C-alpha cells in the first residue's frame, strides 16, 4: 500500500496543472451543489418553514376585554387541542391620523408584550431593539422592505401621548402592527385582549376551526371580536412569491445536475488521459487493483480539498442570496446542515465513481495496449464510421472529428448532456429575467405621459413633492378641479381617485380605491370580473 501512496503522491505533484483543474472544478461544482440544494430546501414550503422557525400562531383571536376576563381565556386555552398558547395580551387600536405621522397607517393595532419571545409567535427583531420602557414602540415591518421611518422618530397620539420608535420586528403570524410594553399599553386604556394559539392538528381549515371552537367553548357569545387563521395569512403571503418559486426549483435542479455532470466529465477525462501511465505501472509490476487505487487516490486528494473549500464558498454565497430571495417570509433562510453533509459526502462519492468507471476499462488492458492507447489502430464501430466518413466529400479533419464521438460514446453523451443543460440554464435565466421585468412593469407601470394632481388636501398634512404648497388652502371644489383639468391643453383623460384604508377586526387590512371619470383608461387593469 505504501507503493500505491508514493506513486499517487508523486503523480499529484507532477501533474500540478491537472490537479489544480480537478480541485477548481470540484470546488466550484460543490459550491453550486450547496446553493442548489439550499435553494430546493428553501423553496419547499417557505411559509411553513418560517412559521415553524418562529413558532407562529395557528390562530390569532381578538376578544372583547369587557365581555371576558384574562383568567377565563387562560382556562379555556387548556383544551386538549391546544399545543401552546401565548397571552392574554392587551390590545388597542391607536389613532395616528391626527398626529402628522404620514409614514404610518391611520391606525395601528398595538399589543402589549414584555418580550419578543414566548411559546407562540416569536418575533424577529431585525433592527433596533425591543421596547423595554414606557414611551417606546416597535413597529411590525417585514425584513427587506424599506424602513418606513428612522429609529428614534416620535409618534404623537391623541391625548398628548408620544411614543418613540426603537425597533423593527416581524411577526410571521401577523399578530399586530406594533408592540409596546404592558405598562405602556395599560396607560392607553385597552378594551381588547389578544390570544395566540398553536394546535396539535392545524393542517386544514377544518382543524383550525375545530381548535377555535375548543378555545372559545364556554365563553360569552359576544366575546370574540375577530380571528385570523394562519392558512389565510399563508395564502396571502405565498401568493406574492408564488410566481417565482417554480423557477427557483428548476434552477436548483438544473444547477445540481449540471454540477454532477461536469465533475463526472472532468474526472473521467483525467483518467482516460492517463492510459499511458496506467500501462507503465502495469509494466513495472503493479496489479490491476493497485493501478485503480493509484488513480482513485490521485483524483480524490484534490477533489476532497476542492469539496471542502467549495462547501465553505457555497455557504458564503448561498446564505445572503437565500435570505434575500425569501425575505417576504420574514425569517432567516440559510443553508441547512444536511445540505453541507450531502455536499461533503456526495461530491467525493461522485468523483470516486467517475474515476472508478473509467479506470475499470483500463484495468483489464494489457500493459502494451494501455501504453499505446490513442496511437494504435482500433477496430469496431468507430473505425467503421470514420471509414464511411472518409469516403464523403467532407474535409479530412471534419470527417475524423465527427468519428471521435463514436469512439467514446459514453464520454460524448456526458459532454453533450452537460452542454445542453448548461445552455438550458442560461436560456432560462435570461428568459425569467425578462419575464420578471415585464411582470414588474405590468404591476407597477411607469406612465411618463400622466400627471398626478393632489387636490383638497388639509393644510396641516405634509405634502409630497409635486403637490400643493404646504399651508395653502384649496380654492376650488372637486368638480371645479376636474373641470379645470379637462380644459387644459393636451389633457386626454381625467379621472378622480380617492383612497381609503380600512381595518378588519383581527389585524387584517384592506385598501379601497374609488374612481370617478374615465376610469377605464386610467384605472388598474381588471383581470377578472368587472
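Coordinate-derived values only; no laboratory data. Nothing here was measured: the structure is a model prediction, and the numbers come from that model. We place every Cβ from the backbone using ideal geometry, glycine too, and count neighbours over all the protein chains shown.
Protection proxy ranking of 491-497, 79-85, by the mean of other Cβ atoms within 10 Å over each peptide's residues and highest first, is 79-85, 491-497.
Sorted ascending by nearby beta carbons within 10 Å, beginning with the fewest, 477, 175, 2 become 2, 477, 175.
Arranged from highest to lowest average of other beta-carbon atoms within 10 Å per residue, in what order do the peptides 222-231, 203-212 appear?
Numbers: 222-231: 18.5, 203-212: 14.9.
Most protected by this proxy first, the peptides run 222-231, 203-212.
Cα-based values for the stretch 9-103, radius of gyration first and Dmax second, are 28.2, 85 Å.
To make sure I understand, if each residue's beta carbon is the centre and we count other beta carbons within 10 Å, what order do 195, 321, 434, 292 fall in, fewest to most? Spell out each step's value before the answer.
On the way: 195 27, 321 16, 434 10, 292 21.
Least to most surrounded, the residues fall as 434, 321, 292, 195.
Ordering 180-186, 34-40 by mean Cβ neighbour count within 10 Å, with the highest value first, yields 34-40, 180-186. Neighbour counts of other Cβ atoms within 10 Å put 406, 63, 89 in the fewest-to-most order 406, 89, 63.
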